[in-house]
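Here the structure comes first, spelled out in structure tokens, and everything after it is commentary.
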Amino acid sequence: MALWSLATGILAGLAARALDSSLAFGIPRLIGTVARPQDAAFLLFDWRLLAMPAAGGLVSGLVVTFLCRPMKAHGTAILIDAFHNHGGRLALRDAVFKALAAVGVISLGGSVGKEAVIAVLCAAIGAGVADALGMSRRQRRVLLVAGCGAGVGAIFKCPLGGALFACTVLYREPDIEADGLMPSIIASVTAYSVFVSIGGMGHRLLSGTGSLTFSRPSELPAFVLLGLACAVAGVVFSLAIRGVARTARALRVPAWLAPMAAGLLVGAATGAALAAALPGVFPESLREAMIPVGMAGMLSASLRVPLAAVVMVMEMTGSYGLIVPLMLTSVAAYAVGRRWGVYPEQVAGLENSPAHAGEALVSRLDTLRVADFLRASWPHVVQPADTVQAILTGLPAGPTPLLAVGARP
């Protein structure tokens with residue numbers, strides 16, 4: 001399994017580099033030609049900022065609808081559903097087409113991230129490796145998880161966080177898929193090494209966060225408030241996703257057209273962070289720290305992965321000095337917002353997963369001995385030649401007895 005985890009990591013690293021390079025090529029040549037945040041005219045209305053995300057959504061809708069098999073789950077939920085309910089089977093062909101569609105959407109300014117795309121693509125690679133080798137369902141699930149961790153760890157340059165994400169995103173409660181942890185670490189480290197060896201280390205997600213540290217306990221209430229705000233934002237995000245899905249079904253919007261409508265809405269929407277919404281309330285150092293800490297809070301609340309969120313944000317941003325507020329905010333956000341996570345496909349814990357059905361019984365049977373259940377002496381022993389009348393005459397009144405039949409001489 002270590003060897004095949006290594007192979008999965010190599011393939012996942014190559015896939016992550018291909019996806020990242022495709023976006024680096026497409027973004028500046030498409031949405032980057034009209035959306036330049038550094039320009040003074042960035043906030044002026046431009047019809048292309050509405051049209052381009054809509055065009056990306058249309059292309060994505062057509063590709064997914066007509067080239068991929070229909071699925072109830074979407075995004076990372078696809079691999080979660082595959083793990084629990086389909087023996088770890090995940091079609092690589094569909095994952096590749098969806099990755100190509102995502103490149104088009106993101107390059108045209110659509111509000112789509114790389115996390116779900118790379119997670120599903122590399123999970124499908126892991127499942128494909130298992131199928132090619134004729135592995136069992138359990139081994140396929142392990143490589144599915146390892147592939148997910150490898151892809152996330154590589155493209156976001158967070159190998160440990162990627163492995164933890166893959167092993168915890170399967171469950172609503174703070175549980176972990178222990179069988180997949182070591183394979184995920186091996187695959188994630190390998191994929192990360194392949195990714196950076198081809199394109200270099202690049203830069204961190206946020207600049208200047210490496211120097212941020214936590215040294216004043218008086219700031220802790222602010223981070224608790226941030227955790228609660230992240231939980232509320234996560235709840236709103238989850239309810240919005242479900243509401244849009246219900247509305248689309250009620251209006252009978254064709255599946256291929258729905259992403260276009262979403263892209264059109266994204267071209268006119270914006271958001272605000274807590275620190276920016278309350279200028280002058282927090283000192284500048286605290287305002288800066290709230291940015292990476294808020295990232296972890298949102299991940300914890302919406303995806304229900306508090307431990308992975310802390311590690312991922314530290315690795316992606318280099319904000320190791322913020323470990324205390326990261327932990328506090330993530331736990332607060334998870335505790336309040338986990339009920340409304342964005343993935344209904346997550347099950348409560350290991351014992352609730354169909355993938356682990358019967359394991360408790362098998363474990364219990366492994367500890368029992370046949371001798372513990374043998375009855376050494378039987379009060380009523382009959383012989384094969386005995387008549388029914390003789391047997392009934394010798395039995396006492398009461399409940400239906402058990403009779404031991406003696407062997408023929």
Matching entry among 104, 87, 109 (being assigned to a loop (DSSP other than H, G, I, E, B), touching a Gly at 6+ places or on another chain (Cβ under 8 Å) and more than 20 Å from residue 245 (Cα to Cα)) = 109
key: Residues of segment 357-383 satisfying the condition of being among the charged types (D, E, K, R) and surrounded by fewer than 10 Cβ atoms within 10 Å (Cβ to Cβ)   = 364, 366, 369, 372, 375
query = Among the residues of segment 37-74 satisfying the criterion of being part of a loop (DSSP other than H, G, I, E, B), exposed (fewer than 12 other Cβ atoms within 10 Å of the Cβ) and of a type outside the set (S, T, N, Q), which is modelled with the highest pLDDT?
reply = 69
request  = Just give me the residues in segment 324-372 being touching a residue at least 24 places away in the same chain (Cβ under 8 Å), among the β-branched types (Val, Ile, Thr) and assigned to a helix (DSSP H, G or I), in sequence order.
outcome  = 324, 329, 331, 336
Test result for residue 339, among the basic types (Lys, Arg) and surrounded by fewer than 19 Cβ atoms within 10 Å (Cβ to Cβ) = yes
query = Just one of the numbered conditions (1) crowded, with 16+ Cβ neighbours inside 10 Å; (2) outside any helix (DSSP H, G or I) is not true of residue 399; which one?
reply = (1)
task = Within segment 213-235, identify whether any single residue is among the acidic types (Asp, Glu), surrounded by fewer than 24 Cβ atoms within 10 Å (Cβ to Cβ) and not in a helix (DSSP H, G or I), and answer yes or no.
result = no
key: Failed criterion for residue 294 (all others in (1) part of a helix (DSSP H, G or I); (2) modelled with pLDDT of 90 or more hold)   = (2)
request  = Working only within segment 238-271, note down all residues that are of a type in the set (A, V, I, L, M, F, W, C), modelled with pLDDT of 60 or more, buried (at least 17 other Cβ atoms within 10 Å of the Cβ) and under 23 Å from the mean Cα position of the chain (by Cα).
outcome  = none
remark   = Selection from segment 323-357 of residues closer than 15 Å to residue 307 by Cβ and among the charged types (D, E, K, R) yields 338
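For the structure I just gave you, tell me whether residue 197 is within 18 Å of residue 311 (Cα to Cα), surrounded by fewer than 14 Cβ atoms within 10 Å (Cβ to Cβ) and either of a type in the set (S, T, N, Q) or free of Cβ contacts under 8 Å to residues at least 40 places away in the same chain (or both).
no
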Subset of segment 165-179 [outside any loop (DSSP other than H, G, I, E, B) and either at pLDDT 95 or above or under 16 Å from residue 341 (Cβ atoms) (or both)] = 165, 166, 167, 168, 171
query = Just wondering, is there one or more residues in segment 177-188 that are surrounded by fewer than 18 Cβ atoms within 10 Å (Cβ to Cβ) and in contact with an Asp or Glu (Cβ under 8 Å, 6 or more places away or on another chain)?
reply = no
note = Within segment 128-152, of all residues that are at pLDDT 95 or above and of a type in the set (D, E, K, R), the one surrounded by the fewest Cβ atoms within 10 Å (Cβ to Cβ) is 131
key: Subset of segment 90-101 (residues that are crowded, with 20+ Cβ neighbours inside 10 Å and either touching an Asp or Glu at 6+ places or on another chain (Cβ under 8 Å) or in a loop (DSSP other than H, G, I, E, B) (or both))   = 90
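The values are calculated or read from the model by the stated rules, or taken from the named source; none is laboratory data. Predicted, not measured: the structure shown is a model, and the values here were computed from it. Because the Cβ atoms are built from the backbone with ideal geometry, glycine has one as well, and the counts that use them run over all protein chains shown.
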